[in-house]
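After the structure tokens below, expect a handful of questions from me.
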Amino acid sequence: MDELLLRSIVPGVLGVLVRRGADFAAAEDAVQEALVEAVRVWPADPPRDPKGWLVTVAWRRFLDATRADASRRRREDLVEEEPPPGPAPGTDDTLRLYFLCAHPSLTPSSAVALTLRAVGGLTTRQIARAYLVPEATMAQRISRAKRTVSGVRFDRAGDVSTVLRVLYLVFNEGYSGDVDLAAEAIRLTRQLAAVIDHPEVAGLLALMLLHQARRAARTGPDGSLVPLAEQDRGQWDTQAIAEGVRILQAALARDRLGEYQAQAAVAALHADAPTAGETDWVQIVEWYDELVRLTGSPVVRLNRAVAVGEADGARAGLAALAELDGSLPRYAAVSAYLHERDGDLETAAKLYAEAARKAQNTAERDHLTRRAARLNSRKDEEERQDQEHRKGREHRERPKEQAFAPRPSPAPARRSPPRTHRASSWPRPG
């Protein structure tokens, strides 16, 4: 079966069941049963309308469970509402499902986790890695969230800021993780921007487009990570950059600055630089100052330390870094980079190796390991050259020994004063 197809239609199927009156937990159980049936049936008899097939089977599974439930009498009317077989409605319930998962009764962290599980299709393990918590803890959080929204209808809108956090997390998981959801996150954000007039929605869409524009240049032919400063800017998607900048400028003109607009401004400044050396780091630091004011996030402060190191020198960046908690993700990698910029290759190599051990994925680990190895090789070569230089200098500075003793002058007819060597005839220190 086409796994990407299933990932794209399952949220809509779940949304249809919830819109028809199924509580959230029961609807998800019914959809999972329909997927199991699809795995059994589809290889031999693929349906013409996969979404319609899943909706029909999932709804029947839900009704079967409802009939067996103690509350059957209260829900008998649902049986009469079963739609006839046929194509599913063209309405996209995915975005509506996002708002259900961002229901006001949920905490933001629970809303994000539930949406990533129910709509984004991520596994509990992937979500736990994004949150930096144990998998069992995340499983309990998702279960509690499902119980909270069970029975909730689509009549109360969720919190926009929570929905934006969800969309951005989905985008980042698709951008750097092992599940590609970046395009879906952009699609949903476009749809949200079309129905909600909010500068932060526009800011998030601009941010996604600007990051997505660099995607082709982020990895080499062998799949290795390519840092921003080393990327081939000819591979950047100029149309996506132009669209992102245009959307951002319109949002900033409304003078209601938010964190996604500020992040998009940083991304736009990177995209605007013809070369890495022409990046306007001073202005980037100013935008990070705005982000610190808006969020107070330690991760933002970590990124700001890098920008300060570029704008004001590595020592200034290290001073900004020293104010932060060393247990922050990527702290060791940032410290390694700034020490490398400061010329302390030995410390930088050790920190890159430490960062590699803490990396969240194979590509990042391999990249950091290569950086450490490169610095170690460079340090060894510099030490070898330094040793050769010292040997050469010692050789030049050592006085030359006389090959023979001066012969006495023949006895003259009359006695003359003895001849002496002039000081200038001896080798001088190099």
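The values are calculated or read from the model by the stated rules, or taken from the named source; none is laboratory data. These numbers were taken from a predicted model, which means no experiment stands behind them. Quick note on the areas: whole protein, heavy atoms, side chains included, nothing else; ligands and nucleic acids left out. Shrake-Rupley method; radii C 1.70, N 1.55, O 1.52, S 1.80 Å.
Tell me, how many Å apart are the Cα centres for region 307-349 and for region 5-35?
Cα centres, region 307-349 to region 5-35: 47 Å.
Mind listing the long-range amide H neighbours of residue 23? Cut-off is under 5 Å, sequence gap 5 or more, other chains count too, H placed in the peptide plane at 1.01 Å from N.
151
Which whole number of Å³ per residue matches the convex hull of the alpha-carbon atoms in region 198-340? Walk me through the numbers before you get to the answer.
Numbers: hull volume 16.3 nm³, N = 143.
It comes to 114 Å³ per residue, whole-number rounded.
Pairs of alpha-carbon atoms within less than 8 angstrom and 6+ residues apart define the contacts here; what relative contact order does region 98-147 have, in percent?
RCO, region 98-147: 33 percent.
Work out from phi, with θ = phi - 60° and the Karplus expression 6.51 cos²θ - 1.76 cosθ + 1.60, the ³J(HN,Hα) of each residue of region 355-367, listed in order in whole Hz, and give x for Gly and Pro.
Whole-Hz 3J(HN,Hα) from phi for region 355-367: 5, 4, 5, 9, 4, 8, 8, 5, 4, 5, 4, 5, 4.
Evaluate the Kirkwood expression for the hydrodynamic radius of region 264-354, namely the inverse of the mean inverse distance over all pairs of different C-alpha atoms, and round to one decimal in Å.
13.4 Å
Here is a further query. Would you list which lysines come within 25 Å of residue 350, measuring only between C-alpha atoms, while excluding same-chain residues fewer than 8 positions from it?
Those lysines meeting the cut-off are 358, 379.
Here is a follow-up. Below 8 Å between Cα atoms, with a sequence gap of 6+, how large is the relative contact order for region 295-365 in percent?
Reported relative contact order: 23 percent.
Would you grab the residues whose amide H sits under 5 Å from the one on residue 361? Only those 5+ places off in sequence or on another chain, please, with H modelled 1.01 Å from N.
The answer is none.
Need one value: the accessible area of residue 256 in square angstrom, 1.4 angstrom probe, rounded to the nearest 10.
Probe radius 1.4 Å; accessible area of residue 256 about 120 Å².
Using a 1.4 angstrom probe with every protein chain in place, what is the largest-first accessible-area order of 129, 141, 147?
Heavy-atom accessible area, descending, gives 147, 129, 141.
Please list, ordered by chain and number, the residues whose modelled amide H lies under 5 Å from the amide H of residue 219; skip anything fewer than 5 residues away on the same chain.
Hits under the 5 Å cutoff: 226.
For residue 347 and residue 37, compute 0.36 nm times the residue count separating them, minus their Cα-Cα distance, and round to one decimal in nm. Mind showing how you got there, number by number?
Working: separation 310, 0.36 × 310 = 111.60 nm, distance 5.68 nm.
Stretched fully, the residue 347-residue 37 segment lengthens by 105.9 nm.
Starting from the Cα-Cα distance between residue 246 and residue 224, subtract it from 0.36 nm times their residue separation and give me the gain in nm to one decimal.
On the way: separation 22, 0.36 × 22 = 7.92 nm, distance 3.16 nm.
Here the segment from residue 246 to residue 224 would lengthen by 4.8 nm.
How long is the gain from residue 275 to residue 190 if the chain were fully straight, where each residue apart is worth 0.36 nm and the alpha carbon distance is subtracted? Please list the in-between numbers first.
Values: separation 85, 0.36 × 85 = 30.60 nm, distance 3.00 nm.
That pair, residue 275 and residue 190, stretches by 27.6 nm at full extension.
Ok, one more. When the Karplus curve 6.51 cos²θ - 1.76 cosθ + 1.60 is applied with θ = phi - 60°, which whole-Hz ³J(HN,Hα) does each residue of region 267-284 get, with x for Gly and Pro?
Once θ is set to phi - 60°, the couplings for region 267-284 become 4, 5, 5, 5, 5, 7, 7, x, 9, 4, x, 9, 5, 7, 5, 4, 5, 5 Hz.
How large is ³J(HN,Hα) for each residue in region 197-207, as worked out from phi by the Karplus curve 6.51 cos²θ - 1.76 cosθ + 1.60 (θ = phi - 60°), to whole Hz, x for Gly and Pro?
With the stated coefficients, region 197-207 comes to 8, 9, x, 6, 5, 5, x, 5, 4, 4, 4 Hz.
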